[in-house]
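Trainee: Below are the structure tokens for one structure; questions will follow.
Read-outs throughout are calculated quantities, based only on the coordinates presented, and are distinct from any laboratory measurement. The structure presented is a predicted model; accordingly, all values stated were derived computationally and were not measured. Glycine also receives a Cβ, built like all others from the backbone with ideal geometry; neighbour counts cover every protein chain displayed.
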Amino acid sequence: MNQNKLFNRTRWKLAISYAAVMGLILSLLGFGVYKAIAHAHWVALDRELESVAGTLHDSLEIKLQQPGRLEPIVSELLPNLRLMGVNDIKEQLPSRHTLSAINQGHYYIRLFDKSGNLIATAGAYPKELLATFNSEHWQTITDSKGNIYHQISVSLHTQNQKSWGYFQVGRSLQDFNDYLSTVRLVLKLGLPTALILVGFSSWWLAGLAMKPIYASYRQIQQFTADAAHELRTPLAASQATVESGLLMSELDEKEAREILRTVERQNRRLTQLVADLLLLARMDNQPIPDRHQLCCLNDLVSDLVEELAAMAIAREVALTSELPVHQPLTIIGDSNQLYRLVLNLIVNAIQYTSPGGKVTVILEKNDHLVVIHVQDTGCGIAAEDQRQIFDRFYRVNSSRDRVTGGSGLGLAIAQAIALAHGGSLTVQSKLGTGSIFTLRFRERNAALMNDAMNHGVIGTS
């Protein structure tokens, strides 16, 4: 297939199409995964901030007595508390679980009075952050160095429910951004790697997809070449006969009749070849027989053995039949096609059996199958040829087939008819010993016979 430019180009197009589609899907999937991870972490961050702010807010409100004033006890709740305007920083080690989040190193607290003036800070408060107040509940702000923070603002009240001011809890987003940067890096490195693997996989899958198409193409090529070769032989013979007749100045009646007989013989050969090809084409398009009839295989085998006896005698071959089963073995199918099937097998056996040889047709019932064996003592078929003898126009011995007039379609037609009737056709052969062609039909066809007869669905033949 690699040597055929048409299929090579098609394979490339298929591979590129597969890779492009998969690349688009992976890109969208990667973008979706990134957005989902970012959203999940952002939601977790909001919940964490809300939990910390709620805990500290409830702890602070029960300690506040006057608006805008921090009680000394507040320093026990907030680490690194710094009052605006006071030079020293009072540090208090946390002693309660509510302060554990504040001591993680990236949380800060800001306290504003009712006018929005910054009163105090606590935790890991960044010095670069502007002391401007914004009463929005959620805020994302940036300091003078470009660092990003996320914070929540809640109002504070005193013990007697007077408005005290505002309380903000925030945290740096540096760890959050670092994590997202790592995710982006993994996606940036992973996506091209995945696309490379997809590209190779697409090339391989395109090759697999093209194999049956290429095999069919090769079969069509071979069939076309063989058909042209078969048609050329009788056409060339007819043309040569006509040309030789035209070169004669005078033709008597005997010569004219001889020429006409030759043309008629070649024309008959062409007609038979075309009929065989049409039969195979119909089998390919409509494998189920058109006419469903009851066909008695006992009668069919007996009739064929009787009809072909003269041919066997002419070739000095003994043709016999063995019917060990006395009950009628009947299947549903096209009697004409089944006749053609068994006829081809017996004729082949006679033609490939040397004078003095023997051809035996055996009809039997084996378990749930109806079986026909056509056994000969001919030259046999080599193992490498047995896989191809059912191919159209294939001949084991081309020179001999030219003498017998065969076109190489007999076994192909036989197998097509067998498959159309739900059966199978196999061969066992050994060079110098002979061949056995075995035809099997499923008993289900025979089982359907009684119902069909009772309901008048099918006729008899």
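Trainee: Run down the lysines and flag those whose C-alpha is under 23 Å from the C-alpha of LYS114, throwing out any fewer than 8 positions away in its chain.
Mentor: Counting by Cα, and skipping residues close in sequence, LYS114 has these lysines nearby: LYS63, LYS127, LYS162.
Trainee: Restricted to Cα positions, what overall size does segment 207-284 have along the principal axes? Three whole-Å values, descending.
Mentor: Projected onto its principal axes, the Cα set of segment 207-284 covers 65, 24, 9 Å.
Trainee: Once phi is turned into θ = phi - 60°, what whole-Hz ³J(HN,Hα) does the Karplus curve with 6.51, -1.76 and 1.60 give for every residue of segment 243-260, x standing for Gly and Pro?
Mentor: 5, 5, x, 5, 6, 6, 5, 9, 10, 7, 4, 5, 5, 4, 5, 5, 4, 5
Trainee: Okay, next question. For a protection proxy built on the mean count of beta-carbon atoms within 10 angstrom, sort 23-31, 351-359 highest first, please.
Mentor: Ranked by mean Cβ neighbours within 10 Å, highest first: 351-359, 23-31.
Trainee: Note down the relative contact order for segment 207-284 as a percent, whole number, built from C-alpha pairs under 8 angstrom at least six residues apart. Don't skip to the answer; put the middle values down first.
Mentor: Values: 21 pairs, mean separation 25.7, N = 78.
Normalised by residue count, the contact order of segment 207-284 is 33 percent.
Trainee: Kirkwood Rh over Cα pairs of segment 5-180 into Stokes-Einstein at 20 °C, 1.002 mPa s: D in µm²/s?
Mentor: It comes out at roughly 114 µm²/s.
Trainee: Highest first, please rank the peptides 192-199, 138-145, 312-319 by the mean number of other Cβ atoms sitting within 10 Å of their residues.
Mentor: Ranking the peptides 192-199, 138-145, 312-319 by packing returns 312-319, 192-199, 138-145.
Trainee: Can you tell me the relative contact order of segment 5-180? Whole percent, Cα pairs under 8 Å, sequence separation 6 or more.
Mentor: 20 percent.
Trainee: Among 269-280, 179-190, what's the highest-first ranking by average C-beta atoms within 10 angstrom per residue?
Mentor: 269-280, 179-190
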